[in-house]
Ligand SMILES: [Zn+2]
């Protein structure tokens, strides 16, 4: 694991000057830009000023490309892809925690400053990151996901035994609901535990013991009951895992905020999404993890690619999400080039990866774009996203990651030491 970078204090005051700026709004890039940060917020953004403000440290980032910190709205940071699941059975609880810390670190290293964990991770990670005790993306958590008995969230085997992940007290990632009462009680319990978002399965999925992506999940009435319950609270978003059209339609009409995957959307479902402002989180990184040509040769995945392409060209709202945990952690921005190949322009893909995610998570007042008043979450890239969006998928292209004004990755030692900053 990389050393902790020398980070300015949260109350420090400095300027990043000379980079080409992509502000996250899909506005044209601005050459020779300047961003001034004070107490973790952006206080100036625009063309580099002719006269330097007195007493404010300037950090020269010319030759680089500055974007907002990226947002991955669909991750599973408690799931580790590099150690076989059965081998993880021998792990002590601290080994699970250490593996999760590695995943959090890899996610920041990739340029992601905010992430939404859609089941698995528990609130201790979120509060430790917020306190600055560990490095990781700012987190919103679903904690568990809801499905009917035998559905996508139900890990119980036919003989009653459980897979490893479902046995761990540290990852209470599943909740089985069959009636409206079950739904309401589970949502209340999740909110009590600290859920920022409710994840619901309105279709079946891959790798669950009893169901298949073509299967039905929770019905429209259950989604509507969740939305109604949350409406009386902070209006937390509802993320619906939906791999078939009937499930997606139930989620959209029930009032879900986003369709996760959306691998089989009909024209009428897409029209409903546009009408209601429902987001699509395509998770192409997971769909295409064996490559585009392999996916195009497999009828189910070929249909998924067409579904996403049609929804994007129809103009559905889109936020970047990878399903990292199935997709490799730390390669989150591979999704940008997939989105471009699926029909977005590079600027639209950057917007989906920044402001789009912030809008979906209800955080667009604070993060997602480089605008005065927002939290200073910034990424410096050495390759021009307009000419080579795929390069962003390699974390080595990401030279600097700033979270709320604090450098959490600084490969080129651009930031002076703590004390040198005013
Ligand atoms: Zn997922």
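The values are calculated or read from the model by the stated rules, or taken from the named source; none is laboratory data. Owing to the predicted nature of the structure, the values given are computational and were not obtained by experimental measurement. Cβ sites come from the backbone with ideal geometry, for glycine too, and all protein chains shown count toward neighbours.
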Region 109-120, residues that are within 12 Å of the ligand (Cβ to nearest atom), under 21 Å from residue 69 (Cα atoms) and in a loop (DSSP other than H, G, I, E, B)
118
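Suppose we filter 239, 248 for residues that are in contact with a strand residue (DSSP E or B) (Cβ under 6 Å, 6 or more places away or on another chain) and outside any helix (DSSP H, G or I); which single one remains?
Checking each option against the conditions leaves just 239.
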For region 227-255, name all the residues that are in contact with a helix residue (DSSP H, G or I) (Cβ under 7 Å, 6 or more places away or on another chain) and either farther than 20 Å from residue 317 by Cβ or not assigned by TED's automatic domain parsing to the domain that holds residue 204 (or both).
229, 233
Give 81, 73 a once-over and let me know the one that is within 30 Å of residue 349 (Cβ to Cβ), within 16 Å of the ligand (Cβ to nearest atom) and out of contact with any helix residue (DSSP H, G or I) (no Cβ under 7 Å at 6 or more places or on another chain).
81
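So which residues in region 259-314 are on the phi > 0 side of the Ramachandran plot and in contact with a strand residue (DSSP E or B) (Cβ under 9 Å, 6 or more places away or on another chain), if there are any at all?
Of everything in region 259-314, those that are on the phi > 0 side of the Ramachandran plot and in contact with a strand residue (DSSP E or B) (Cβ under 9 Å, 6 or more places away or on another chain) turn out to be 261, 262, 277, 283.
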For residue 411, are the conditions met, namely being within 26 Å of residue 55 (Cα to Cα), buried (at least 22 other Cβ atoms within 10 Å of the Cβ) and not assigned by TED's automatic domain parsing to the domain that holds residue 234?
no
Within region 212-236, work out how many residues are in a loop (DSSP other than H, G, I, E, B) and crowded, with 22+ Cβ neighbours inside 10 Å.
3
Before we move on, is residue 127 over 29 Å from residue 334 (Cβ atoms) and at pLDDT 95 or above?
yes
If residue 96 satisfies all but one of (1) within 16 Å of the ligand (Cβ to nearest atom); (2) within 30 Å of residue 378 (Cα to Cα), what's the number of the condition it fails?
(1)
Go through the residues of region 31-53 one by one and say whether even a single one is in a loop (DSSP other than H, G, I, E, B), closer than 13 Å to residue 385 by Cα and either out of contact with any strand residue (DSSP E or B) (no Cβ under 6 Å at 6 or more places or on another chain) or at pLDDT 95 or above (or both).
no
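Would you say residue 334 is in contact with a helix residue (DSSP H, G or I) (Cβ under 7 Å, 6 or more places away or on another chain) and either surrounded by fewer than 24 Cβ atoms within 10 Å (Cβ to Cβ) or at pLDDT below 95 (or both)?
yes
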Is region 386-405 home to any residue that is without any contact (Cβ under 8 Å) to a residue 12 or more places away in the chain, surrounded by fewer than 20 Cβ atoms within 10 Å (Cβ to Cβ), farther than 20 Å from residue 283 by Cβ and touching a helix residue (DSSP H, G or I) at 6+ places or on another chain (Cβ under 7 Å)?
yes
Which is more than 16 Å from the ligand (Cβ to nearest atom), over 21 Å from the mean Cα position of the chain (by Cα) and not in a loop (DSSP other than H, G, I, E, B), of 253, 265?
253
The condition from (1) modelled with pLDDT of 90 or more; (2) in contact with a strand residue (DSSP E or B) (Cβ under 8 Å, 6 or more places away or on another chain) that residue 175 misses is numbered (1)
